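Read-outs: derived from the displayed coordinates by stated rules, not from any lab. Keep in mind the model is a prediction, meaning the values are calculated, not measured. As a convention, Cβ positions derive from the backbone with ideal geometry for all residues, glycine included, and neighbour counts pool all protein chains shown.
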Amino acid sequence: MIHGVKGGLLAAVSLALVGCAATGGEAKSAGDKPAAAEKPVKFNKDPYPSTYRPYGGRPTAVRGVTIFDGEGGRIDNGTLLFVNGKVEAIGGADTAIPADFDVIDGSGKFVTPGVIDIHSHLGDYPSPSVEAHSDGNEATSPTTPEVWSEHSVWPQDPGFSRALANGGVTALQVLPGSANLMGGRSITLKNVPSRTVQGMKFPDAPYGLKMACGENPKRVYGGKGRAPSTRMGNFAVNRATWQKAAAYKKKMDDGKAVDRDLAMETLAGVLAGEILVHNHCYRADEMALVIDMSKEFGYKVSTFHHAVESYKIADILAKEGICSAMWADWWGFKMEAYDSVNENIPLVYKAGACTIVHSDDANQIQRLNQEAAKARAAGRRMGIDVSDEQAWTWLSYNPAKALGIGDKTGSLKPGKMADVVLWNGNPFSAYTRPEKVWIDGALMFDAFDPKRRPVSDFELGQPGEGDVK
C-alpha cells in the first residue's frame, strides 16, 4: 500500500558479477605478451546476512489438544512434541512422551502452526505513526528495485510484539509500499525481539521484489507530471525496465564486463528465479496482463497481493500456480477495489488456487485468525464448505510456500521449525486469544507469565506503556 491508502533465493542477489579479462593496456608490439587476465569480479551475494539465533527452549509436549497441522490435517485429542527448536512428533493421545519433557495439558484448547503474514509494513511504517517513521515508499522514481525494505525496518516497532501476543504471528514479510511499479526488495522476518533487523532475518529465506499495478503508481507519478500517468504507461515503464534487466543479466551470463547496477542486480535475481515477485494488484484484467508480461520476460509471479478480483480468474491463477493474498472484506476504498465480493477467498480456494489471508495493516495483523473466519463463513453461506483445518492453510502453510520457506515452517511436521501457537479455544472464534506462542521451540509469549510478554524497548518508560501488571 501507499501507507494510509490501501492501495521475495538469495539475500542480496548479485549473481556473482564476472568481469571480462582485461589486458591492462595494449601490447607494445606483436611479440609482447599481454598482461595476465584479472581475476573475475565477484560481489558479496549476502552483504547483510541473517544473524538470527533461536532463543533457548525446553523439550515440550502439549497433549489433549485439537491440532490443525497447517496443511489441512486435524487431530482431535492430539499430542505435539518439540525439542531443540524442531517438531519431534505429532499424533494422537497414545503418542509417547519422553520423561524429560515439560507437559502442558491442553484439554479444550487448540494448537496450530504460527500465523505467517505475507504482507506487512511493520518496522517500515512503525508505531507511533508519524511522518518521521514513514520509511516504506521511496517515491522518487517509478522503479526503485535497488532499495531494500530491511534498511528501513525499526526492530523496536511495538507492532511486532502486538502481532505476536494478540495474533500468534511467528513470521512475516515486510514489503516496501506500493507508490512505485517496482518498489524494492522485501524481507522475511522471524517475529522475535532483536536489536538489529539482521537478528530477526529469517535464515535463507528468499528475497522478494515488491511490484504494484494500477492506481497508485499512475496517481503518484502522473501527479508529478511524469510517466506513468496511465495504466498503459505503467506497463510501458515496466517492460522497458525488464528489457534493460534482461540485457544486463545476459552480459553477466556471457561473462562480459558490467558496471555494477544495484537495481539491475535485483531484477537479474528475479529473472534467475532467485528473488520472488510479490505484486500488488487489484483488478483481474491487470493480473492477467501481468502474467503475460512475466512470460514475455521470463519471470514468475509468486503472489498477487490484495487481489480483490481474483475470484474472476481463479482458474487461471490455479493453472499458473500463482497465489492470491487477500483481505476478507476490505473493498470499495478506491475504484480498483470496488468490484470485490466477500466470497473472494473461498472462491479462489474452491478453484484450487493457492489461497492466503494477509493484513497490510498494523492492527489487522493481530486478528488474521478472525479475518480467515469471516472469509470461511462467507464461503459457507454460498455453499462452499471449508473446514477449519483447511482454512488454516490460508494462514500458515500457503504463505510459507509463497515466501519460499514452506520446507522450514508453516506446518507441524517432524523436523520443521517449532513455530507453534496454543490457543485458549477455537482459533476461529472472536473470543479466542493466543495463550502461548513458541518460535523455534522457545516460549516467546505466555499470557499467564508477565515475564513472557515482549515489550519494545521504545515503550519502556513511556507513560501507560510497557505495563505488564
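Applying Stokes-Einstein at 20 °C and 1.002 mPa s to the Kirkwood radius of the stretch 129-277, computed over alpha-carbon pairs, gives a translational diffusion coefficient of 129 µm² s⁻¹. About its Cα centre, the chain has a charge dipole of approximately 660 debye under the convention of +1 per Lys or Arg Cβ and -1 per Asp or Glu Cβ, with nothing else charged.
If we count other beta carbons within 10 Å of each Cβ, what is the order of 322, 316, 405, fewest first?
Details: 322 25, 316 16, 405 22.
Placing the least packed residue first, the sequence is 316, 405, 322.
When you filter the trypsin sites (Lys or Arg not before Pro) in the stretch 185-263 for DSSP loop state and at most 15 other Cβ atoms inside 10 Å of their Cβ, you are left with 195, 224, 226, 256, 260.
Taking each DSSP H run with n ≥ 4 as -39500 (n - 2.57) and averaging over every residue of the chain yields -6500 deg cm²/dmol at 222 nm.
If you average 1/r over all unlike Cα pairs in the stretch 115-403 and invert the result, what Kirkwood radius do you get in angstrom?
On the way: mean 1/r = 0.0523 Å⁻¹.
After inverting the pairwise mean of 1/r, the radius is 19.1 Å.
In this structure, residue 131 and residue 105 have a Cβ-Cβ separation that, at R0 = 45 Å, corresponds to a calculated FRET efficiency of about 0.35. Where both bridge residues fall in the chain, DSSP classifies roughly 55% of the beta bridges as antiparallel. Checking the Cα-Cα distances for 109/201; 45/224; 224/295; 249/295; 210/295; 109/319 against a 27 Å cut-off, the pairs over it are 109/201; 45/224; 224/295; 109/319.
Farthest toward the positive end of the dipole of the chain, out of 281, 358, 455, is the Cα of 281, where the dipole comes from beta carbon charges about the Cα centre. Over all pairs of different C-alpha atoms in the stretch 294-377, the reciprocal of the mean inverse distance, the Kirkwood hydrodynamic radius, equals 13.1 Å.
Each label point was placed 7 Å from the Cα along the Cα-to-Cβ direction; for residue 430 and residue 452 their separation is 2.9 nm. Of 244/300; 218/251; 250/401, which sit over 26 Å apart, Cα to Cα? 218/251; 250/401, as the Cα separations exceed 26 Å there.
Give me the number: length gained by fully extending residue 51 to residue 260, i.e. 0.36 nm times residue separation minus the C-alpha to C-alpha distance, one decimal in nm.
Details: separation 209, 0.36 × 209 = 75.24 nm, distance 2.63 nm.
Computed gain between residue 51 and residue 260 is 72.6 nm.
Ordering 354, 281 by the number of other Cβ atoms within 10 Å of each residue's own Cβ, fewest first, gives 354, 281.
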